[in-house]
Amino acid sequence: MSASFYEQLFSVRGKVALVTGGTRGIGLMIAEGLVRAGARVYVSSRKLDACAAAQRGLREYGDCTAIPADLRDVAGCEALATAFREREDELHVLVNNAGLTWSLPIDEFTEKAWDRVVDLDVKSPFFLIQKLLPAIRAAASAEQRASIVNISSVNGVKPSGLMNYSYVAAKAGLCQLSAQLARDLMADHINVNVIAPGPFKSKMTAPLFATEAQDREVTASFPMRRWGRMEDAAGLTIFLSSKAGSYLTGQTIPCDGGATTIG
């Protein structure tokens, strides 16, 4: 295989990408991979200091700009879309990664724990896509389809070991929403796919590796005996956003080290 063929097949070089929740965890991993692969990447987070730190760190590898944004409601999605459109006319890759989880026993689960999670994890991705559609459509063509990658969870594919009821409902809903969007945006040359991550180190999973002993015990229970890495999440995103993945749309792909293969 020649280098030129490989580059053309898997390249995202020169593409413009936006990663929400891109300042930490899986979002930061995906953003780093896209930057390293030559994309011009924008990341968003509601925290100013997190945006500044991510922008500073990712610029060591390439082109990255952080845009502070709070996506808890439609107004926040509109604000991010407006700020992005002030900088770019086209958006080739949108990664909806911003999310929240909340665990409580079923008898204690509150409306707040339901609404805040569902609003951020499934409502906001829809409205951000809606507000950014002009830029995504402008980037899309029959030869080079635009890519929307929604980040769900293995908890949206199979039951969770935690009592995170709104989270599993929202993440499963995001999978079905993505399939619907894939159908409806097909003629616009826009692909919509879902990555369902398994065990990656992030703020959400921090209690599982609070100590070295906990980390060893938890890792031993994973099918592949390791946490997910930057290359795992970023590599799949790059694939889905390159010519190599252009024939896939409406799919939910677990990136979980085999977690969905066990009960």
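Readers should treat all values here as calculations from the given coordinates under stated rules, not as data from a laboratory. Everything numeric in this text was worked out from a predicted model, so none of it was measured. Heads up, the Cβs are rebuilt from the backbone with ideal geometry, glycines too, and the neighbour counts pull from every protein chain shown.
Per-residue ellipticity at 222 nm for the chain, helices alone: DSSP H runs ≥ 4 residues times -39500 (n - 2.57), over residue total, nearest 500 deg cm²/dmol? All intermediate terms of the calculation are to be shown ahead of the outcome.
Numbers: 9 runs with 107 residues, N = 263.
Taken over the chain, the calculation gives -12500 deg cm²/dmol.
Search the structure for amide H atoms under 5 Å from the amide H of Val43, placed 1.01 Å from N in the peptide plane, and list their residues when 5 or more places away or on another chain.
Val19, Thr65, Ala66, Ile67
Strictly over 30 Å apart at the Cα level, which of Lys112/Lys201; Lys15/Lys123; Lys203/Lys243 would you flag in this model? Don't jump to the answer; show the numbers that get you there.
On the way: Lys112/Lys201 26 Å; Lys15/Lys123 26 Å; Lys203/Lys243 33 Å.
Checking Cα-Cα distances, Lys203/Lys243 exceed 30 Å.
If you average the sequence gap of Cα pairs under 8 Å that are 6 or more apart and divide by the length of the chain, what percent do you get for the contact order?
Details: 523 pairs, mean separation 54.8, N = 263.
Relative contact order comes out at 21 percent.
For Ser103 and Asp188, FRET efficiency with R0 = 35 Å and r from the beta-carbon atoms, rounded to 0.05? Walk me through the intermediate numbers first.
Values: r = 38 Å, r/R0 = 1.08.
My answer for the efficiency is 0.40.
How large is ³J(HN,Hα), in whole Hz, for each residue of segment 144-154 in order, when computed from phi with the Karplus curve 6.51 cos²θ - 1.76 cosθ + 1.60 and θ = phi - 60°, using x for Gly and Pro?
9, 6, 6, 10, 10, 10, 9, 9, 9, 6, 4
Please state the relative contact order of segment 183-263 as a whole percent: Cα pairs under 8 Å, 6+ residues apart?
Working: 76 pairs, mean separation 39.7, N = 81.
Over segment 183-263, the number comes to 49 percent.
Hey, how many Å between the Cα centroid of segment 24-100 and the Cα centroid of segment 239-253?
So the separation of the two Cα centres works out to 21 Å.
Just to verify a number: FRET efficiency for Arg56 and Met230, C-beta to C-beta distance, R0 = 25 Å, to 0.05?
It comes out at approximately 0.90.
Could you check the spin-label model distance between Gln214 and Asp63? Points 7 Å from the Cα along Cα→Cβ, value in nm.
A separation of 4.1 nm, rounded to one decimal place.
What residue among Pro199, Pro207, Pro134 shows peak mean-square fluctuation when the chain is described by a Gaussian network model with Cα springs under 10 Å?
Comparing Pro199, Pro207, Pro134 in the GNM, the peak value goes to Pro207.
Quick one: Karplus J couplings for segment 164-175, per residue in order, coefficients 6.51, -1.76, 1.60, θ = phi - 60°, nearest Hz, x for Gly and Pro?
Working through the residues one at a time gives 9, 4, 5, 5, 5, 5, 5, 5, 5, x, 5, 4 Hz.
Name the most mobile residue of Ala187, Ala31, Ala113, meaning the one with the largest mean-square fluctuation, in a Gaussian network model of the chain with Cα contacts below 10 Å.
Looking only at Ala187, Ala31, Ala113, the largest GNM fluctuation is found for Ala187.
Check which residues have an amide H placed less than 5 Å from Ile253's amide H, if you skip close sequence neighbours.
Val194, Ile195, Ala196
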